[in-house]
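Right, one structure below, let's go through it.
The values are calculated or read from the model by the stated rules, or taken from the named source; none is laboratory data. Please read these numbers as outputs of a predicted model, since none were measured by experiment. Using ideal geometry, Cβ is built from the backbone for each residue, glycine included, and neighbour counts are taken over all protein chains shown.
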Amino acid sequence: MSRYTIEQQPSLSQLPAPIAMAAETPQPSTDLELDIQTINLLRQRFLEVQAGRLARVRHGLQHQQQICVNLLPLLLHISDSTLPGFNAEDTPAGISGYSPDPQTLKLARQYSRQFSGHAPPRHLAPDIVALFFMGSSGSIAQSVRSDLDLWVCYRSHITDAALAQLQDKCERIEAWARRYNLELHLFLMNADSFRGGERETLNGEYCGSSQHYLLLDEFYRTGIHLAGATPAWWYVPPHLEHRYDEVVAELYRSGKVQEHSVVDFGRIDHMPLGEFLGAAMWQLYKGIDSPWKSLLKLLLLECYLHDEQKSRGMLCQEFKQHIYEDEPVLDVLDPYIMMYRRLELYLEEKGQPARLELVRQCLYQKIGIALSRPLSRGRTTWRRELLTNLVREWDWSGGELALLDQRDNWGIEQALAERQSIMREFTQSYRNMSRFAQELGGQAVMTRADMLVLGRKLHASFDRKPGKIDIINEDTAPNLSQEKITLHQLATREQGQYLWAAYVDLPTTRLDKYPPPLKQARGFIEVLLWCHLNGLLTGHLHVPVYTQRSHLIDFEVKELMSTFRQSLPHPMPSAPQQAFRKPSRIEKIMLYVNVGVDPMSSLSRRGLQKISSRIDSLDYSALGENLVRTLDMVSVSNWHEVVCTRYSTNDALVQMLQALFTRLHRQPEAPVPEIEVHCFCPSRATATAQRVQELLHDMLDIYCRQPEAEDCRYLMRIEQTYYLCQFSEGRFYAEAGDGLRQLYPMLAREQRRFSPLVLDRNAMHRNPALRLILEMAKPGQIMVCFQADSRHIAYWVTDEMGSMFHARVPNHGVSNLLNHLYRFLRNVELQQMTAGGNEIDLDLILSRRRIHFFQLKRPTVKRPPQLLHWPGAEDDELDAIRLQVMLHRSLKEELHYQIYVGQEEFSSLVLGPDLFPQVVERIMELRADNARYPCYISDLRFSEELLAGFFDGNAQTVHYLQYKQRLERRLNHYLNPPAPEPDSEAGTRPDN
């Protein structure tokens, strides 16, 4: 039996010390002095190591899994419909130099009785060059839970279609192996493409633009030859690695090595500096989900970068040096032992014992053998013996081993401490690598896409931000559910402010001084969710809660936990890699209303909760109270970031909407997020949750499902306050106004484009007539609605952009007022059509289709309010005095007026404060009856500098109406009619 087999391993004390690398090897007298006998000897040594490692692979598998491994070369060598993986006769097949032995053919016959059992004829032009296991296979780190990675090296002549067939066959073989609980991954590799520098984007264990030389180093030192050609790299002496291509070409030319008998993945005399940073980021990416293995590899990269200056070379070169210089020993050449020895040497030279101790713990956890526990069936293994010797070197006590072996029962404090230690090491190692790379002038060779993916995942996993739920990795904390968790509400130094905190097994009695909590936050939801997502509550039916001012009851806590378990299961799955190729976007929103709050406690004390017919939760009862007192918003992104935000002010709902829709506006191409609203408070919980859900559904329909969402305005009412919501410059605003008095100026705001006004379903339930008027707006149209009584006329004008003007004036005749208004609007229409050199649309002007008048009819017992078309407005100027106003801006930024009464001009620059009295005086002179009824401006013009202050240099109709109103007030003041009531300030509402 070979000395490389499992049964005959030397003890740790017999292992030689690490030897010097290439730079210390004596230089030969002549180049390329390897003769055919030396080449054959080296080949035999390499193959003996490969055979020993392959025996260790099989030793770690169950019987049926061993059969799978033994059949792999045959399955890829032939296309036989009776064997696993078959998909087509013409699928690429044939392995270079491979011929199945009788034992393999016997296994195939046992597996399939239809298999002929005859050795297939040798392929004249095999499509597959070689098969190699990669990674931890056959090493001390291979356990029963380890997967097997197999490189299927194919020739370059295979077409894309044939390659797709081969890929399909590999996937079928993987599926077949899974039936025997064997996690097998087959990777198609082409040596010519790899050697030429072609790189895949980040995908899978062995891909990524940052992984060329690091992957090659791992292949050369961990690869296990299963079948086919051997690596050409074996036959290049270590001291000639820098002349790799020249040596390989000479070996081919001299005939010492046949080109068809080797597979050439290229040279690796050193790793380019530019690859270190990218490779380090890739290991950080992997380490988020699998910290033990990645931390070791990350430290190895740091070590490589350090050793580059000492010419120690890479581990694959050390591995080759062993083969060339002495009889190889499997335990010495074990990939993970070699990695540990190199890190041990590096960290001891650096004088960093704490980091070395962490490396030992990582290696111990990666190997996964609990040395403090008794042997299974009393039998040891080579892995256990080797690990025992290592631990003896490290001088670990029995207590330390027992603590590491009991990780499944660790408490949350230990898990958090370990997580912090690992994350701190990731950060420190990355900083060291970045500094080395900067000092040596290295540049990352990762693609921009890969850098973006890695940066995004690092951000999602490591970055802290308010409300973000940090999740402890399952690998570092496998089971925390046995902890007894209690949640406490604690007073802060700020009067009336409280925090929630989670503790382990804290006494229920109130303490004078609380210990440091596991987690604390402003809101109960954030603390409870943190405990849930980190597995502290998986086995809990009851969570003790101790409050000082909250109304939380056990029922509410149980219901909250139920929603977490249904919508945010523990453990939280890792986000798929593809998710990081897109920007972060919200995929799910969970809203919790009134957690720990009874919104009707004040009403209950006054006995009002049962007597009201007004049941809108945002405008409840005769007092119009808002029952949404607090909101906790839990957002889940496509990167699987979970963020909890609490809103507890009087306008909590509005603040939440502003934050949510501003965020959603930044993800315009993303699907509309899933929305859940929950409320479990003592009063009107279901109705309140439903009201918020309806509001959000309606607003999502407007702002996330319509192409022109940014132009829309949304009007809602909470208590006595109206909120007009709209986007402006990428931000979602909600302008507040108390009652109609402040609502009308908000509705009159200018708009860049037509802005439809959408009303919340309950926004105008107290004023249905106004709802009719607001819903009349149409793009490009002028809608005039009026309502008259014996004393006043109220009118509303909705202009071409959706802005609304409102006024209430004394009643001096409906026709008189509306005819003057119609004349003015027609003049405005003409100005707008001719602005900026636009062509005049004579057909539209003559058809009079742009301006519409409606009369608001009061409601009766049998019918609601109505809007009836009113055709009575006429453009009749026979008896009217024409008043035309020109507006300019003076040098002092003041308005300057030119008022024409008929053809006579009156200028504010000439008349100053006497302008309006003289204009009125002239009007009275022209009136035959000297009557003092109101005067109306029939035409108004803005100068160019004033027009420049409006959107796109164009004034809306509402602008003309606002200036018209101000000027008419000043003129009518001197006419001294009955004092007109203020309009927009008065907040006139239609009679219902």
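So the values come out like this:
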| item | result |
| --- | --- |
| Given (1) surrounded by 14 or more Cβ atoms within 10 Å (Cβ to Cβ); (2) assigned to a loop (DSSP other than H, G, I, E, B), number of the condition GLU174 does not satisfy | (2) |
| The range 388-404 residues that are farther than 17 Å from ARG355 by Cα, paired with ones that are among the small types (Gly, Ala, Ser) and surrounded by fewer than 13 Cβ atoms within 10 Å (Cβ to Cβ) (beta carbon under 7 Å, 6 or more apart) | ASN389/SER11 |
| Single residue of the range 365-393 satisfying the filter (polar (S, T, N, Q) and assigned to a helix (DSSP H, G or I)) that is surrounded by the most Cβ atoms within 10 Å (Cβ to Cβ) | GLN365 |
| Lone unmet requirement of (1) closer than 30 Å to PRO517 by Cα; (2) surrounded by fewer than 20 Cβ atoms within 10 Å (Cβ to Cβ) for CYS362 | (2) |
| Some residue of the range 794-809 being outside the structural domain of LEU618 (by TED's automatic domain parsing) and part of a helix (DSSP H, G or I) | no |
| Residue match in the range 18-25 (condition: at pLDDT below 85, in contact with an Asp or Glu (Cβ under 9 Å, 6 or more places away or on another chain) and of a type in the set (S, T, N, Q)) | yes |
| GLU413 being at negative phi, acidic (Asp, Glu) and crowded, with 18+ Cβ neighbours inside 10 Å | no |
| Residue within the range 117-133 that is surrounded by fewer than 16 Cβ atoms within 10 Å (Cβ to Cβ), within 37 Å of the chain's Cα centre (by Cα) and either assigned to a helix (DSSP H, G or I) or at pLDDT below 95 (or both) present | no |
| Any chance ARG431 is among the basic types (Lys, Arg) and in contact (Cβ under 8 Å) with a residue 40 or more places away in the chain | no |
| Selected residue (criterion: nearest to LEU300 (Cα to Cα)) from residues of the range 414-439 that are of a type in the set (Phe, Trp, Tyr) and modelled with pLDDT under 70 | TYR430 |
| Any hit, the range 723-738, residues being in contact with a helix residue (DSSP H, G or I) (Cβ under 6 Å, 6 or more places away or on another chain) and within 26 Å of VAL597 (Cα to Cα) | yes |
| Single condition SER311 does not satisfy, out of (1) in contact (Cβ under 8 Å) with a residue 60 or more places away in the chain; (2) among the hydroxyl-bearing types (Ser, Thr, Tyr); (3) at negative phi | (3) |
| Positions within the range 26-42 being crowded, with 17+ Cβ neighbours inside 10 Å and modelled with pLDDT of 90 or more, in sequence order | LEU42 |
| Any helices (runs of 4 or more DSSP H) falling wholly within the range 891-975 and containing at least 1 residues that are assigned by TED's automatic domain parsing to the domain that holds GLU800 and within 30 Å of GLY780 (Cβ to Cβ) | 944-947, 957-975 |
| Exclusive hit being at pLDDT 90 or above and surrounded by fewer than 19 Cβ atoms within 10 Å (Cβ to Cβ), set THR486, THR563, THR538, THR492 | THR563 |
| Options VAL57, VAL49: the member that is within 45 Å of the chain's Cα centre (by Cα) and modelled with pLDDT of 80 or more | VAL57 |
| Criterion: under 24 Å from LEU124 (Cβ atoms), over 43 Å from the mean Cα position of the chain (by Cα) and surrounded by 18 or more Cβ atoms within 10 Å (Cβ to Cβ) - qualifying residue of SER79, SER99 | SER79 |
| Which listed residue is assigned to a loop (DSSP other than H, G, I, E, B) and under 19 Å from LEU215 (Cα atoms), from ARG342, ARG312 | ARG312 |
| Residue among GLY411, GLY442, GLY467 that is under 30 Å from ARG646 (Cβ atoms) and at pLDDT below 75 | GLY411 |
| Some residue of the range 525-532 being at pLDDT 85 or above and either in a strand (DSSP E or B) or in contact with an Asp or Glu (Cβ under 6 Å, 6 or more places away or on another chain) (or both) | yes |
| Considering residues of the range 682-717 that are polar (S, T, N, Q) and either part of a helix (DSSP H, G or I) or within 25 Å of the chain's Cα centre (by Cα) (or both) only, the residue nearest to PHE754 (Cα to Cα) | GLN706 |
| Any hit, the range 604-613, residues being crowded, with 21+ Cβ neighbours inside 10 Å and either of a type in the set (Ser, Thr, Tyr) or modelled with pLDDT of 85 or more (or both) | no |
| Selection count where residues are buried (at least 19 other Cβ atoms within 10 Å of the Cβ) and in a loop (DSSP other than H, G, I, E, B), scope the range 719-750 | 1 |
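One line per residue, one yes/no per condition, for (1) closer than 22 Å to VAL828 by Cβ; (2) at pLDDT below 90:
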{"site": "SER907", "(1), (2)": "no, no"}
{"site": "VAL910", "(1), (2)": "no, no"}
{"site": "ASP914", "(1), (2)": "no, no"}
{"site": "ALA928", "(1), (2)": "no, yes"}
{"site": "ARG941", "(1), (2)": "yes, no"}
{"site": "ALA955", "(1), (2)": "yes, no"}
{"site": "ARG966", "(1), (2)": "yes, no"}
{"site": "GLU981", "(1), (2)": "no, yes"}
{"site": "ASN992", "(1), (2)": "no, yes"}
